[in-house]
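Report on the following structure.
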Amino acid sequence: MAREQKIKLGVLTSGGDAQGMNAAVRAVVRTGISRGCAVYAIYEGYEGMIRGGDLIRQMSWDSVGGILHKGGTVIGTARSTGFRTREGRRQAALNLLNHGIDRLVVIGGDGSLTGADTFRREWPELLRELVEAGAIESATALAHPFLGLVGLVGSIDNDFAGTDMTIGADSALHRITEALDAITSTAASHQRTFVVEVMGRNCGYLALMGAIAGGADWVLIPEHPPEIDDWESAMCAALRDGRASGRRDSLVIVAEGAQDRHGKPISAAYICQVLEERLGEDTRVTILGHVQRGGAPSAFDRWMSTLIGHTAVDELINATPEREPQLIGMRENRIAATPLMPCVTETHAVAEAITAHNYEQAMRLRGNSFGEAFRTLRTLVRSKPPRPDSASQSLRFAVLHAGGPAPGMNTAVRAAVRLFIHNGHQVLGAKNGFSGLIEGDLAEMDWMSVSGWATTGGAELGTNRKVPQGAELYQIARNLERFNINGILMIGGSAGYRACHRLFAERHTFPAFNIPMICLPASINNNLPGSELSIGADTALNSIVEAVDRIKQTAVASRRCFVVEVMGRDCGYLALMGGLATGAERVYLPEEGITLRDLQADLDEMIYWFKHGKRLSLVIRNEKANPIYSTGFITALFEEEGSQLFEVRQAILGHLQQGGDPSPFDRIQATRLSVKCVEFLIDRATNGRYDGAFIGYKGGRVQIISLEDMPRLMEPTISRPRDQWWMELREVAHAMRQPPDGLRG
Ligand code: ADP
């Protein structure tokens, strides 16, 4: 019987490097091996494909070990002029055929992906030419009739159609916010103005999101130049207003490709000059440059790149000559395949629209959420305290937290306070969650009271897990009347949701509860109904990833297994996503529990691998995965049973997961959701409608659901939504584990 030929696939990184490329390469190699394919890394991009030899190497399971946390790309990238020529591509085809490779995962920007598509289209002709030249047998050409191709976008600019996020963009935003936070602290000390230039020749994503996350006062992006010719005056007026209302620092962010309506570039130096001349301010320019490409990949870039690398292999295995090559990316919070070349064409269309000064078209092509983010930022930077006469018809809204602290809570409060005030209303902050409403501990918040809150962790208003009951409900009702509250914004976790639901359910008893109220999901556990992501979870994941990176470094000299316990309560999100982002071999989730049989099997597997040269093993356990098989128990069990082979150490990460300044993603989402909540409350209160609701993301879109539906969406006895989108990702975590015996490559 003829043995089926092994599928041989190649993976390369090309063009500019981006953090997260290694995670994608690792996922391609490991998924390929676990699917029974032979996987080859092509070093130095297309240059390596042309030069061949040692630059095309078969990868083993272990050859991609220990790279997940590294920035850049360990298989190298290069610009190749040779690949732009037909001779170069013919040589590249020959080198691939020498290894039997006829499927490619190309990780790069639009240039790299365009080149890959040209190569794919020419493939049959290139092979015919090689046969004619006597370089290959015709049987070889017949055995490889087409080139399977999948593209992954590696680009820190997030400038690509067909994926909501490109590999590296989130990490670049991390670098930008770190820099902005550092700059703002020094700027505030000296009352300085800073102009910061970020990357993005045709794409304002980094500038716009950096501005939202960094609490900037003005932003300039290529897709949406200032609408007026004398934009300099408008910018100076906004900055002057900010100063007048007490800001100690001013921050302008400019994308490197920013231009005015006539296509004239706007440089950071020019902005600096304008501000110095017109405002007489001490202004400094910082050009972030390559810092944005550097550093360790963020948690998101690690798990997203892992998922898309994994999916790319399955796509390639099923490639046929008829199926168009696909781009694998993220769309609406899911991994999605989209025909590659239309995405490249659409990406070029944005650049062309900018060159043609057709900015409306450029913004339209960027998509809804980009436009929405731009409008949000404009509202926030334009917001200033209302003139005294406009306060007369104002409504009064209460803002409070409940549940555990979640990074991003302050960011959400800041946006809400400023938007309420901007719309002529008053805001009262209730201290320490529902205790503040019970005790009447509410204080009016003014414009400057939230200054600097965009970037800080913790919860300035205070938060706790109190869910009011009995006489406390009466006290709340009294205080709502006493303070004339027209609506409530609760930014918090499951205790807050339960408390709001209780108030909502008790409306018939307490007429004071007949006001609109809305819950904004903020919990590191990501265990709230109606939202696929809650504020704080991304920061917590980044804290986990950073901690595990450090823990792993301590294992340089010995064979060691780490059992790391993470938070999450009854929800395994942090454990699973943390596991994907750190490369854990095993993840224990509360959704699945832990059995003695699991532990025995995991231990057997671990012993096997340590016997076969493994040096480091990582197990992540959610804090409530099993009440008896605790982290300490598992550590002791593994230690006892594996003592001759490996040491075991436990690390309970604890409260560091709730701390830290919010990640850029959490800041951006907190701001976006807060804007929607404020719109909701003002609309309902103005129209005398007393809706109770919670807001969230589903498939990347904002949705608002009635509090009435909360019980239906939750598990009956524990704080966990019934439907958890991320549970399907367990399969990927499984594929990234050690492969069955004999497949180690
Ligand atoms: P990016 O992929 O980040 O856009 P480049 O545009 O520099 O970066 O492309 C990387 C490499 O891809 C180039 O050095 C070249 O080898 C190849 N490439 C780019 N455009 C083409 C093309 N039109 N035809 C063939 N190869 C191309």
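The values are calculated or read from the model by the stated rules, or taken from the named source; none is laboratory data. Just so we're clear, the structure is a prediction, and the values are computed from it rather than from any experiment. Cβ coordinates were reconstructed from backbone atoms using ideal geometry, including for glycine residues, and neighbour counts include every protein chain displayed. These accessible areas exclude ligands, DNA and RNA; they are computed on the full protein's heavy atoms, side chains included. Shrake-Rupley method; radii C 1.70, N 1.55, O 1.52, S 1.80 Å.
Values as computed for the structure displayed
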item	result
Breaking point among (1) in contact with a helix residue (DSSP H, G or I) (Cβ under 6 Å, 6 or more places away or on another chain); (2) touching a residue at least 60 places away in the same chain (Cβ under 8 Å); (3) closer than 30 Å to Arg378 by Cβ; (4) not aliphatic (A, V, I, L, M), for Glu232	(2)
Residue identified as open to solvent by 50 Å² or more (accessible area, probe 1.4 Å), under 28 Å from the mean Cα position of the chain (by Cα), polar (S, T, N, Q) and not assigned by TED's automatic domain parsing to the domain that holds Arg737 among Ser14, Ser63	Ser63
Test: residue in segment 102-114 that is within 16 Å of the ligand (Cβ to nearest atom), among the aliphatic types (A, V, I, L, M), assigned to a helix (DSSP H, G or I) and touching an Asp or Glu at 6+ places or on another chain (Cβ under 8 Å)	no
Contacts under 6 angstrom Cβ, first residue in segment 94-119 being outside the structural domain of Ala41 (by TED's automatic domain parsing) and of a type in the set (Lys, Arg), partner open to solvent by 20 Å² or more (accessible area, probe 1.4 Å) and within 9 Å of the ligand (Cβ to nearest atom), 6 or more apart	none
Only listed residue being more than 16 Å from the ligand (Cβ to nearest atom), open to solvent by 10 Å² or more (accessible area, probe 1.4 Å), touching a residue at least 60 places away in the same chain (Cβ under 8 Å) and not basic (Lys, Arg), chosen from Thr177, Thr184	Thr184
Residues located in segment 500-545, provided they are of a type in the set (Asp, Glu) and without any contact (Cβ under 8 Å) to a residue 60 or more places away in the chain	Glu506
Residues of segment 205-220 satisfying the condition of being free of Cβ contacts under 8 Å to residues at least 60 places away in the same chain and either outside any helix (DSSP H, G or I) or in contact with a helix residue (DSSP H, G or I) (Cβ under 8 Å, 6 or more places away or on another chain) (or both)	Leu220
Condition met for Gly200 (part of a strand (DSSP E or B), small (Gly, Ala, Ser) and either buried (at least 24 other Cβ atoms within 10 Å of the Cβ) or in the same structural domain as Ala27 (by TED's automatic domain parsing) (or both))	no
Residue check, Arg57 among the basic types (Lys, Arg) and either open to solvent by less than 10 Å² (accessible area, probe 1.4 Å) or away from the ligand (no atom under 13 Å from the Cβ) (or both)	yes
Condition met for Leu126 (open to solvent by less than 10 Å² (accessible area, probe 1.4 Å), part of a strand (DSSP E or B) and touching a helix residue (DSSP H, G or I) at 6+ places or on another chain (Cβ under 6 Å))	no
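Yes/no per residue for (1) within 16 Å of the ligand (Cβ to nearest atom); (2) surrounded by 17 or more Cβ atoms within 10 Å (Cβ to Cβ):
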site	(1), (2)
Thr31	no, yes
Ala41	no, yes
Met49	yes, yes
Leu94	no, yes
His99	no, no
